[in-house]
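Remarks on the structure that follows.
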Amino acid sequence: MSESTAAASFSQNWETLAVHDWDGDTELIVELAEVLDELSTDDAPVLDEYVDAESLCNGLQAVAGRQFTEVRFSVDTYEVRIRQNGAIEARRQLHSE
């Protein structure tokens, strides 16, 4: 497989970086901050620069009868999604030049 084919293939596939345990002691925000630290090229990424963490948690936890199946946002060259099952996933964004 050529390098360009491998890059295109990776760009279309999501990589699971963590799986949040909704019943565990660790808060989703803590796990998400750790993942962003790995993805971001910033020295000290700030979670609030990428996503409203409170809204994210409320939406995924069905607060007030509303529930999202996933939430997506961008971090540098990655698209990040958090799924209702707790999966925190990322993939490289495709950019047209």
Problem set entry | Amide H within-cut-off set for V75, under 5 Å, with H built and near neighbours excluded | V80
Seminar exercise, completed: Per-residue Cβ contact counts at 10 Å, fewest first, order S40, S55 as S55, S40
Seminar exercise, completed: Note, region 23-38: 3J(HN,Hα) by Karplus (6.51, -1.76, 1.60, θ = phi - 60°), whole Hz, Gly/Pro = x, goes 8, x, 7, 7, 6, 4, 4, 5, 5, 5, 4, 5, 5, 4, 4, 6
Exercise. Where does each of 19-26, 30-37 land if you order them by average Cβ count within 10 Å, highest first?
Worked result: 30-37, 19-26
Exercise. Using θ = phi - 60° and the Karplus form 6.51 cos²θ - 1.76 cosθ + 1.60, what ³J(HN,Hα) does each residue of region 79-85 get, whole Hz, x for Gly and Pro?
Worked result: 9, 10, 9, 10, 9, 4, 7
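Here, each number is a calculation from the coordinates, and none is a lab measurement. Keep in mind the model is a prediction, meaning the values are calculated, not measured. We place every Cβ from the backbone using ideal geometry, glycine too, and count neighbours over all the protein chains shown.
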